[in-house]
Amino acid sequence: MSRWTHRGHFPCETDISNRNLQLARDTVAAEKAEKEIPREERGKAALTELFEALKGDETPIIVSNVVDRIDEVVRAVRFEGWQSTIAGDQEVRKALRQTLYVQFKIRDNDVFEKALGYIREYY
């Protein structure tokens, strides 16, 4: 088999190296772009995804209203390091529960726990 035929059907080492290098560059660029997005915005995106999945024909919720309200309430009650204190955790739980259960009539405990998990991670 000649070298030309081989290179015509299979990528050579240089091609593979170039593809790997480009993949590494793309990965670094994606990681950098993710770091540039504020944590709270990533939290809002995660909450939006959660409530979009919850939304159905029988649950006419406006996802952006729910997410914006949760974001507003959590920002109002949280403080630096709230995740590691009992009082901070209780305050955020209370605010989230009141927002979901009372204001939006969403009483699914799994949704509450997932939302609380996202809030702990991103806020």
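The values are calculated or read from the model by the stated rules, or taken from the named source; none is laboratory data. Please read these numbers as outputs of a predicted model, since none were measured by experiment. When we count neighbours, we look across all protein chains shown, and the Cβ atoms used for this are built from the backbone with ideal geometry, even at glycine.
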Checklist line | Hits in segment 82-123 - residues which are exposed (fewer than 11 other Cβ atoms within 10 Å of the Cβ) and farther than 21 Å from Ala46 by Cβ | finding: Ile86, Ala87, Val102, Lys105
Notebook entry, point to check: How many of the residues in segment 66-99 are of a type in the set (A, V, I, L, M, F, W, C) and over 19 Å from the mean Cα position of the chain (by Cα)?
Noted result: 7
Next item on the list: Determine whether Leu50 is surrounded by 14 or more Cβ atoms within 10 Å (Cβ to Cβ), within 16 Å of Tyr122 (Cα to Cα) and modelled with pLDDT of 95 or more.
Entry: no
Notebook entry, point to check: From the list Val73, Val67, Val63, which one is touching a Leu at 6+ places or on another chain (Cβ under 6 Å) and under 16 Å from Tyr118 (Cβ atoms)?
Noted result: Val67
